[in-house]
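Take a look at the structure below.
The values are calculated or read from the model by the stated rules, or taken from the named source; none is laboratory data. Predicted model, so just to flag it, every value in this text is computed and none were measured. Cβ coordinates were reconstructed from backbone atoms using ideal geometry, including for glycine residues, and neighbour counts include every protein chain displayed. To get the accessible areas, we keep the full protein, side chains included, count just its heavy atoms, and leave off ligands, DNA and RNA. Shrake-Rupley method; radii C 1.70, N 1.55, O 1.52, S 1.80 Å.
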Amino acid sequence: MSENRHGIDDLLTLMAVLRDPEQGCPWDLKQDWDSIVPHTLEEAYEVADAIERRAWGELPGELGDLLFQVAYYSQFASEEGRFDFHDVVHTLTAKMVRRHPHVFPDGTLASRRPPGVSAEQVETRQVNSRWESLKAEERVERTEADAGVSVLDDVPRTLPALSRAAKLSKRAARVGFDWPDATGVIAKIREELDEVEQALAEGNRRHAAEEVGDLLFAVTNLARTLKADPEQCLRDTNAKFERRFRHVERALAERGMTTRDVDLDTMERHWQEAKRLESSVSPISAEPTEPSSGGDRP
């Protein structure tokens, strides 16, 4: 390994210089807490995209871009005397040690489980239950001075709408505000769809749009009931739609045509051909893929 490789201290030095009033970059000096948030969200999506495409060669760069956002916020905080990057690392490490008593039994980073107890032998359900319990305790500690404590506290408003809907409904479900099974959710979806149709029949598009939001929330609940991540479900469908539509375009191009040259029936015929080709190559599994993040973990 090269001795000239940069380390985390180099990154922090870089960030400090970029923000230096005399030596820094004019663009970086203009940034503040709010202006960087859109970049942070974009970088997180680019990490997810690289992983989905298995673009391993791109991933270090994308992860670096995401880490740069953390350095940015830490620099803002340091300039304002609030905290610095090392406080971020300390807070994160302490929190994760605290939330993993099955790994660090003495509550210290140096402690370990007794010899002979493997990760496979630790009951996953108990681990997740303990994780959620610890998170709940932390929420109460953060808001104990606030009389309006809610189980919905600290669900980030900047999450993608589907992901936030899933988290909100999951929090409510923990205290019993939930359907007993998927049947109730499906009935709710039908109810919401009926309300969309009624609003459209009345010519009230604004009300129809509101009801579409209710419909999407109900569908999100169905995904949660099936232990599926609604955001990933839609991302998969987006990818599937893109594959099939590109097949339509290629099929038409082979005949010297584009989508502007044919009617809907022709495009639909090629669309159905794409579906048949996909089903013959990769049959759909009957079992949903459960989220791998261990539930509502950050």
Q: Could you please put 83, 241, 76 in sequence from largest to smallest accessible area, using a 1.4 Å probe?
A: 241, 83, 76
Q) Going toward the positive end of the dipole of region 1-91, with +1 on Lys and Arg Cβ and -1 on Asp and Glu Cβ, which of 11, 57, 67 do you reach last? A) 57
(Q) Output wanted: per-residue J couplings in Hz (rounded whole) for region 175-184, from phi through Karplus 6.51 cos²θ - 1.76 cosθ + 1.60, θ = phi - 60°, x for Gly and Pro. (A) 9, x, 8, 7, 7, x, 7, 5, 4, x
Q | Gyration tensor (alpha-carbon) shape descriptor, region 1-107, a/c threshold 1.5 | A | oblate
Q.
Going 7 Å from the Cα of residue 157 along its beta-carbon direction, which residues of region 15-59 have the amide nitrogen within less than 20 Å of the resulting point?
A. 32-42
Q. Ranked from the most accessible area to the least, with a 1.4 Å probe and all protein chains present, what is the order of 85, 68?
A. 68, 85
Q | Modelled FRET efficiency - R0 22 Å, residue 209 with residue 172, Cβ distances, 0.05 increments | A | 0.40
Q) Which FRET efficiency value, to the nearest 0.05, is calculated for residue 255 and residue 277 with the Förster distance at 25 angstrom and r the Cβ-Cβ distance? A) 0.90
Q | residue 74 accessible area, 1.4 Å probe, all protein chains in place, Å² to nearest 10 | A | 10
**Q.** Protein-only accessible surface order, largest first, of 271, 56, 27, 33 at 1.4 Å
**A.** 56, 27, 33, 271
Q: Select from region 28-58 those trypsin sites (Lys or Arg not before Pro) which occupy a DSSP coil region and have at most 10 other Cβ atoms within 10 Å, ordered by residue number.
A: 54
(Q) Run the numbers for residue 268 and residue 245: contour at 0.36 nm per residue of separation, minus the present Cα-Cα distance, in nm. (A) 7.3 nm
